[in-house]
Amino acid sequence: MAITIRLATIEDIQAMQNANLTNLPENYTLKYYMYHILSWPQLSFVATTTGNDLILDPTEEYSPDPKQDPQYVNKDEKIVGYVLGKLDDDPDKPPTPITGHVTSLAVMRTYRRMGIAGKLMKQCLYALAENFKADRVSLHVRKSNRAALHLYRDSLKFEVLSIEKSYYNDKEDAYYMKKDLVLEDLVPTKDYEYQDDLESDLI
């Protein structure tokens, strides 16, 4: 089974939202996904499975059907994870240093423990540095989400800067994390032997 990381498109947002609703407690409207993809089209990515094993009937044209798996975006392409990235657009913050932000990351449960979350994150970080010359990137993660914290802190080398009290709707605290970006260190082929911890996709 092949896994492909590619840029997200408007056609992907329903499947991305479904992945979010299925896997995460923080949920967004379709307009929010569209806002990311239209404003920063270089910064959101999806992980897809492709191949003949996904073709339901090769003799028929693909047409979306709500009774089918909503993760299918084409007859032979199924979205199994995504990352939403953006630039910090807070008008109260100075324009420099240029800071990116990872809004959301999700991987479908049946496709975890395959390093997909790490690959999505690495592609997003590289795109931030390459396309927007971002100096750093930030994100929030639940204090209770030990697997996500391990991915960000231990595998991707984010630093915990602070704890934001009652950040989430259910009043759970969040770690506020940042990472400095150096383009040369983020080239996707630079550390091709990199392997995520087997638990690190549990986000």
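The values are calculated or read from the model by the stated rules, or taken from the named source; none is laboratory data. Keep in mind the model is a prediction, meaning the values are calculated, not measured. Quick reminder, even Gly has a Cβ in these numbers, built from the backbone with ideal geometry, and neighbours come from all protein chains shown. Note: areas computed on protein heavy atoms with side chains; ligands, DNA, RNA excluded. Shrake-Rupley method; radii C 1.70, N 1.55, O 1.52, S 1.80 Å.
Please go through the stretch 81-111 and give me each residue that is among the aliphatic types (A, V, I, L, M) and within 17 Å of Ala15 (Cα to Cα), ordered by number. Scanning the stretch 81-111 gives Val83, Leu84, Leu105, Ala106, Val107, Met108. Suppose the filter is at negative phi and surrounded by fewer than 23 Cβ atoms within 10 Å (Cβ to Cβ); does Leu125 pass it? No, not satisfied. The residue that is surrounded by the fewest Cβ atoms within 10 Å (Cβ to Cβ), among those in the stretch 100-122 that are farther than 15 Å from Val187 by Cβ and without any contact (Cβ under 8 Å) to a residue 40 or more places away in the chain, is Thr110. The strands (runs of 3 or more DSSP E) found wholly in the stretch 110-203 and carrying at least 1 residues that are out of contact with any His (no Cβ under 9 Å at 6 or more places or on another chain), hydrophobic (A, V, I, L, M, F, W, C) and modelled with pLDDT of 95 or more occupy 136-142, 159-164.
Only residues that are at pLDDT below 80 and either closer than 30 Å to Glu130 by Cβ or not in a loop (DSSP other than H, G, I, E, B) (or both) were counted across the stretch 40-73, and they come to 5. What is the residue count in the stretch 84-109 for residues that are polar (S, T, N, Q) and assigned to a loop (DSSP other than H, G, I, E, B)? Total satisfying the criteria: 1.
Would you point out the residue of the stretch 142-179, among those that are open to solvent by 50 Å² or more (accessible area, probe 1.4 Å) and of a type in the set (Ser, Thr, Tyr), that is farthest from Thr99 (Cα to Cα)?
The selected residue is Ser144.
Being in contact with a Cys (Cβ under 6 Å, 6 or more places away or on another chain), of a type in the set (A, V, I, L, M, F, W, C) and crowded, with 23+ Cβ neighbours inside 10 Å is a property that Val83 has.
Restricting the stretch 3-45 to residues that are under 17 Å from Met108 (Cα atoms) and touching a Gly at 6+ places or on another chain (Cβ under 7 Å), the residue that is surrounded by the fewest Cβ atoms within 10 Å (Cβ to Cβ) is Ala19.
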